[in-house]
Amino acid sequence: MKREEILDGLRQSPKVDVCVIGGGINGISVFRELALQGLNVLLVEKHDYCSGASSALSRMVHGGLRYLENGEFKLVQESLVERDRLLRNAPHYVAPLPTTVPVFDIFSGLGNGIVRFLGLTRRPSRRGAIAIKAGLSIYDFLTRKRALMPRHQFRGRRTTLEKWPALNPGIKSSATYFDAWVSHPERLGVELLQDGLVAKFGAAALNYAELRRTEDGRYRVEDQIDGASVAVEPALIINATGGWIDIANESLFSPEARPARLMGGTKGSHLIIDNAELRAALADHMIYYENEDGRICILFPYLGKVLVGSTDIRVDNPETVRCEADERDYILQSLAFVLPDIKIRPQEIVFQFAGVRPLPASTDSFTGRIPRDHFCTVVEPRDGGPPVLCMIGGKWTTFRSFGELAADMALERLRQPRRVATTDRPIGGGRAFPADVSVWLAGVATAKGISGERMAELFGRYGTDAEAVAGFIASGPDVALPHAGYSVRELEFLIREEAVEHLDDLLLRRTTLAVSGELSLDMMDAVLDLLAQEKRWTPAQCAGERTRFLTLLTGRHGVDEDMLSARNEPRSTTCETTAKSG
Ligand SMILES: Cc1cc2nc3c(=O)[nH]c(=O)nc-3n(C[C@H](O)[C@H](O)[C@H](O)COP(=O)(O)OP(=O)(O)OC[C@H]3O[C@@H](n4cnc5c(N)ncnc54)[C@H](O)[C@@H]3O)c2cc1C
């Protein structure tokens, strides 16, 4: 449904069962759950889908080894179950990640871990080999029945340095275990949303829209794209705005009915680094290491570059967070500690991003010790409005189980049965995933009349949804864009099918062009022209959009126009230019 159709539908029939506010991964997850049960559900997201914390994660799909030392066994167990489900349900984006922990001590951390577990101290400290061994043995024990990936193994100092010669020579040993990573978390969010939209006629979602309580205690959806304001009457509201939860509650409740503070988020930042020596030094592993101050940092190969992070700093408002200079220095210093001979030049930092972990309100003085678990609380109407179910906490890895929990509470409230389970339900391009990818690729490439190489590229980006993308590309004349592998028709498909409203939706979230550090100024302008044609923007709108994007890219992601321009060199392309007519 197009946004005008959604707004017209609401004008005719403002009653909905549930209005979900917040289109991060958790809001989208509960939206899909409820749509699958046949509920009339509306989602409103005030920016773009998955533009908050759900685009700022370390891209790990993990049990959370370090949460064991906080005693969060239930969370680790649940996360490992969800990690393994994602490996099956979204194999196009979620894959195993061999992870190596350099160990600098034998015994340290053990006593502290026990003391912390008993609640006698909250201070972080060095984790030695025995503490790491204990954690990894629990990890293996919790996954022993599924055993999708190999068990952990220890290496001595000599064999560790043989495999990773650039590691700090002060190490005593290393431990390797398996977790998983997600290549396109923002795309997975959009595909999850689409699964919800097709599940129930009438389920609808709007990005760039907000739900507001009016002075007379009613609710309106305010559309930022065309300025429309439409009344809506939800039986239940779900506040899934993550780090914004208290700010969103201010616009949902009268001051006297507003709940106490629920959220106490912490900011984390990451850098994407383009340095071949660093990339090679990882030997295709994630290095999960402890900085000198005891904070855990990560470093792993990501889309041909290296992702490094992250920090953990308390913030009150997630709206304008960015990686600040001191965080960048901290991350680079931690890198210099673990890989001392690798020098990173400023121009090798090709992208940076920051977001706010939606953690429950806490007075803990050490941010790393704030619980990472999730829960829901229902704020009852004291001012005549509908109940508001608030989703608090939640990792990316556990989005399905958190959405399921919130949906079950909503179903109980609305006296509706659960009809469909999502535990084994594939997501988007993870559906009908072929056992033999090369056979599948050859069959689709022949059927659609495009090259095997191009088909493989599309499969890497969209999983089995690549068949639909290829069908669209092949049904009209296509032109290559100034980036290897992208063409006009591929991006037209995304613009038409994936609720693209702004240039940043396309360049930051529907594609990995910006995060991978591959976006050039020529490509940006070519994509802007295309979007302007599709949206019928005037030259003034187009100029405004260009300024908006460059401001965002410079301010939030540390990439300015000169950096984009320096990437303008001609590249080879595998896109085909088809001669077929419309
Ligand atoms: C630095 C960092 C690293 C992390 N690493 C990992 C990791 O490796 N693995 C992992 O599993 N998890 C990780 N996480 C946690 C994970 O990213 C988050 O827990 C998860 O993405 C939260 O999703 P969410 O939907 O609750 O919040 P968000 O993604 O922040 O979504 C909330 C949405 O609500 C919208 N919104 C706000 N106010 C309103 C309003 N009034 N009306 C409508 N919409 C509104 C916002 O625009 C936003 O899109 C990390 C988080 C951070 C910050």
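The values are calculated or read from the model by the stated rules, or taken from the named source; none is laboratory data. Because the structure is predicted, anything quoted here is derived from the model rather than measured. Cβ atoms come from the backbone with ideal geometry, glycine included; neighbour counts cover every protein chain shown. To get the accessible areas, we keep the full protein, side chains included, count just its heavy atoms, and leave off ligands, DNA and RNA. Shrake-Rupley method; radii C 1.70, N 1.55, O 1.52, S 1.80 Å.
Solvent-accessible area per residue in segment 181-247 equals 36 Å², computed with a 1.4 angstrom probe and all protein chains kept. Across segment 266-357, Cα pairs under 8 Å and at least six residues apart give a relative contact order of 45 percent. Converting phi to 3J(HN,Hα) with the Karplus coefficients 6.51, -1.76 and 1.60 and the offset θ = phi - 60°, segment 496-511 yields 6, 9, 10, 6, 7, 10, 10, 4, 5, 4, 6, 7, 9, 10, 6, 10 Hz in sequence order, with x at every glycine or proline. Per residue of the chain, the DSSP helices (runs of n ≥ 4 H) give a summed -39500 (n - 2.57) that works out to -11000 deg cm²/dmol at 222 nm.
The Ala480 and Val378 beta-carbon pair, evaluated with R₀ = 45 Å, returns a calculated FRET efficiency of approximately 0.30. Summarising the amide proton neighbourhood of Thr311: residues at separation of 5 or more, or on other chains, whose placed amide H is nearer than 5 Å comprise Ser269.
When Rg and the Kirkwood radius Rh are both evaluated on Cα atoms of segment 395-491, their ratio Rg/Rh stands at 1.16. Straight-distance candidates among the aspartates and glutamates for linking to Lys163, with alpha-carbon spacing under 12 Å and chain neighbours fewer than 8 residues away dropped: Asp284. Here the gap between Glu497 and Glu256, fully extended at 0.36 nm per residue and compared with their Cα-Cα distance, gives a gain of 82.5 nm. Evaluating 6.51 cos²θ - 1.76 cosθ + 1.60 at θ = phi - 60° for every residue in segment 46-57, the Karplus couplings come out as 7, 10, 9, 4, 6, 10, x, 4, 6, 10, 10, 6 Hz, glycine and proline recorded as x.
Extension gain, Lys343 to Gln533: 0.36 nm times the residue separation minus the Cα-Cα distance gives 64.0 nm. With each label modelled as a point 7 angstrom along the Cα→C-beta vector, the Asp408-Asp284 pair spans 3.9 nm. Remark: relative contact order (the chain) = 18 percent; criterion is Cα-Cα distance under 8 angstrom and separation of 6 or more residues. Full extension of the chain between Lys172 and Ala432 gives 89.0 nm of extra length, using 0.36 nm per residue less the Cα-Cα distance.
Remark: the Cα gyration tensor places segment 467-507 in the oblate category, a/c being 1.5 or greater and a/b not exceeding b/c.
In vacuum, with every alpha carbon of segment 271-377 counted as one equal point scatterer, what does the Debye formula give for log10 I(q)/I(0) at q = 0.11, 0.13, 0.17, 0.23 Å⁻¹? Two decimals, please. Debye output, listed in q order: -0.39, -0.54, -0.86, -1.33.
One-quarter of the Cα convex hull surface for the chain, in nm²?
Values: hull surface 107.1 nm².
About 26.8 nm², averaged over all directions.
Once backbone amide H atoms are built at 1.01 Å from N, Asp316 has no partners under 5 Å, excluding neighbours fewer than 5 places away on the same chain. Ignoring lysines fewer than eight residues from Lys15 along the same chain, the ones with Cα atoms less than 20 angstrom from its Cα are Lys2, Lys200. Backbone geometry of segment 253-259 corresponds, through the Karplus equation with coefficients 6.51, -1.76 and 1.60 at θ = phi - 60°, to 3J(HN,Hα) couplings of 10, 6, x, 6, 9, 5, x Hz, x marking Gly and Pro. Placing pseudo-labels 7 Å out from each Cα toward the beta carbon at Ala235 and Arg212 gives an inter-label distance of 2.8 nm.
Near Thr241, the amide H atoms lying under 5 Å from its own belong to Met391; only residues 5 or more places off or on other chains count, and H is placed 1.01 Å from N. Among beta bridges from DSSP that stay inside the chain, the antiparallel ones total about 75%. Surface composition of segment 413-497: carbon plus sulfur atoms contribute 55% of the solvent-accessible area (1.4 Å probe, protein chains only, all chains present).
When the C-alpha to C-alpha distance is required to be over 26 Å, the pairs from Lys145/Lys395; Lys267/Lys305; Lys74/Lys145; Lys46/Lys74 that qualify are Lys46/Lys74.
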